[in-house]
Amino acid sequence: MNAQLNIDLHTHSTCSDGALSPSELVAHAAAAGVRVLALTDHDSTDGLEEALSAAAALRIQLVPGVELSASWRAQDIHVLGLWMDPGNPALRSMLSCQARLRRERMESICLRLCKARLPGDALLAAVEAQRGLPTRSHLADAMVAAGLAARKDEAFRKYLAKGKAGHVSIEWPALPDTIGAILGAGGVAVLAHPGRYRLSAGARRRLLEDFAHAGGTALEIVSGANGAQHVEACTALALRYGLAGSVGSDFHSLEFAWNPLGRYLKLPDSITPVWRGQLP
Ligand code: AMP
Ligand code: MN
Ligand code: MN
Ligand code: MN
């Protein structure tokens with residue numbers, strides 16, 4: 001069922017660190033043939049209203065989503081909430097805490113940069129001039145614009161990585177609380193980009209075990225530009241821990257041509273699609 005559906009359940013807009021506004025994102029997705037699109041900004045649902053009205057006009061189905069930052073054993077883990085009620089009071093209160101944590105972290109990072117004789121004040125002003133909730137991605141862009149790094153990943157490596165001048169760790173809500181907030185708002189919880197975390201194979205299995213134990217619904221099996229090997233490894237994990245499977249590009253910008261919206265790799269037949277029972 002839905003095997004050939006063009007579906008993308010992980011994307012960003014200018015309400016977090018994406019380059020397109022919610023309505024531009026929906027228009028590009030529709031042009032790329034996407035039929036079901038989730039907008040999943042980091043810790044924000046601010047773009048959903050605009051995306052919903054753009055989607056209605058283009059006859060594309062918009063899934064309300066969010067990508068929540070959570071902590072698990074001192075690691076930042078990203079959990080997608082899909083089909084949740086963005087007006088749910090407990091979720092709203094979690095999102096306002098996340099926004100505060102993000103703003104405070106950005107100020108601490110920029111203060112540390114100032115202490116390291118880098119232009120922290122100007123960088124903070126550049127980040128705060130953006131529409132979206134502040135992310136380190138905005139800061140890395142500002143660093144490139146200021147000539148402090150040639151490319152974004154260099155800015156991360158040079159200034160934002162552990163042990164560097166602009167590293168500030170943050171205690172996000174614990175993974176089970178994040179999953180609970182999503183489920184409590186009527187949504188499903190998807191562990192995003194499982195290949196992105198720096199974990200040993202054993203630690204990754206423990207993460208999956210804890211995720212499933214806390215009520216997590218699915219694993220992002222088709223994720224970004226990852227190919228068949230990733231799909232195979234994630235399929236084994238999803239089956240082992242009784243998780244459904246999801247599909248998402250983690251689209252941020254048209255600049256990354258190798259990771260377009262709606263790039264579809266089929267979910268294996270052995271995997272229950274996370275959208276089963278959710279789509280009309
Ligand atoms: P934050 O959630 O504020 O920690 O920011 C993380 C975001 O920065 C991610 O969602 C990515 O979009 C982006 N990001 C993280 N690491 C890198 C990197 N090495 N190069 C480019 N972008 C990155
Ligand atoms: Mn991002
Ligand atoms: Mn992420
Ligand atoms: Mn993402």
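The values are calculated or read from the model by the stated rules, or taken from the named source; none is laboratory data. Just so it is clear, the structure is predicted and the values come from calculations on it, not from any experiment. Note that we place each Cβ from the backbone using ideal geometry, even for glycine, and neighbour counts take in every protein chain shown. Ligands, DNA and RNA are excluded from the accessible area calculation, which covers all protein heavy atoms including side chains. Shrake-Rupley method; radii C 1.70, N 1.55, O 1.52, S 1.80 Å.
Restricting the first member to segment 10-27 and to residues that are away from ligand 3 (no atom under 16 Å from the Cβ), and the second to residues that are aliphatic (A, V, I, L, M) and assigned to a loop (DSSP other than H, G, I, E, B), the beta-carbon pairs closer than 7 Å and six or more apart or on different chains are Thr14/Leu20; Val26/Ile60.
Matching residues to (1) under 26 Å from Thr14 (Cα atoms); (2) within 20 Å of the chain's Cα centre (by Cα):
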{"site": "Tyr241", "(1), (2)": "no, no"}
{"site": "Ala244", "(1), (2)": "no, yes"}
{"site": "Val247", "(1), (2)": "yes, yes"}
{"site": "Ser253", "(1), (2)": "yes, yes"}
{"site": "Asn259", "(1), (2)": "yes, yes"}
{"site": "Asp269", "(1), (2)": "no, no"}
{"site": "Thr272", "(1), (2)": "no, no"}
{"site": "Trp275", "(1), (2)": "yes, yes"}
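Pairs meeting the criteria (first residue in segment 63-82 and farther than 21 Å from Glu49 by Cα, second residue within 15 Å of ligand 1 (Cβ to nearest atom) and among the acidic types (Asp, Glu), beta carbons under 7 Å, at least 6 apart or on different chains) are Ser69/Asp43; Ser69/Asp76; Ser71/Glu171; His78/Glu67. Of the residues Gly242, Gly216, Gly227, only one is closer than 22 Å to Leu91 by Cβ and away from ligand 4 (no atom under 16 Å from the Cβ); which? Answer to the check: Gly216. Does Leu265 count as away from ligand 2 (no atom under 16 Å from the Cβ), out of contact with any Ser or Thr (no Cβ under 7 Å at 6 or more places or on another chain) and under 12 Å from Asp8 (Cα atoms)? When the stated conditions are applied, Leu265 passes them. Filtering segment 164-190 down to residues that are within 12 Å of Leu82 (Cβ to Cβ) and in a strand (DSSP E or B), which residue is nearest to ligand 1 (Cβ to nearest atom)? Step by step, filter segment 164-190, then rank; the result is Val190.
Within segment 191-205, track down each residue that is assigned to a helix (DSSP H, G or I) and within 16 Å of ligand 4 (Cβ to nearest atom). Even if it seems obvious, please write down each step before you answer.
Of segment 191-205, the ones assigned to a helix (DSSP H, G or I) are 201-205.
Those that are assigned to a helix (DSSP H, G or I) and within 16 Å of ligand 4 (Cβ to nearest atom): none in segment 191-205.
Would it be correct to say that Leu261 is in contact with a Phe, Trp or Tyr (Cβ under 7 Å, 6 or more places away or on another chain) and either open to solvent by 30 Å² or more (accessible area, probe 1.4 Å) or touching a residue at least 24 places away in the same chain (Cβ under 8 Å) (or both)? Yes, satisfied.
When the helices (runs of 4 or more DSSP H) confined to segment 42-156 are screened for residues that are touching a Phe, Trp or Tyr at 6+ places or on another chain (Cβ under 7 Å), open to solvent by less than 70 Å² (accessible area, probe 1.4 Å) and within 16 Å of ligand 4 (Cβ to nearest atom), none reaches at least 3 such residues. The sole residue among Leu5, Leu37 that is more than 16 Å from ligand 1 (Cβ to nearest atom) and assigned to a loop (DSSP other than H, G, I, E, B) is Leu5. Within segment 155-177, the set of residues being within 16 Å of ligand 3 (Cβ to nearest atom) and at pLDDT below 95 comprises just one member, Ile170.
Set side by side, the residues Leu219, Leu208 differ, and just one is part of a helix (DSSP H, G or I) and not small (Gly, Ala, Ser), which is Leu208.
Filtered by the rule that a residue be touching a helix residue (DSSP H, G or I) at 6+ places or on another chain (Cβ under 7 Å) and within 14 Å of ligand 2 (Cβ to nearest atom), segment 136-154 gives Arg136, His138, Leu139, Ala140, Asp141, Lys152. Which pairs do you get when a residue that is open to solvent by 60 Å² or more (accessible area, probe 1.4 Å), found in segment 175-204, comes within reach of a residue that is at pLDDT 95 or above, reach meaning Cβ atoms under 7 angstrom, with the pair 6+ apart or on two chains? Filtered contacts from segment 175-204: Pro176/Ala214; Leu183/Ala189; Leu183/Gly215.
The requirement of being modelled with pLDDT under 95 and over 17 Å from Gln278 (Cβ atoms) is not satisfied by Ala56.
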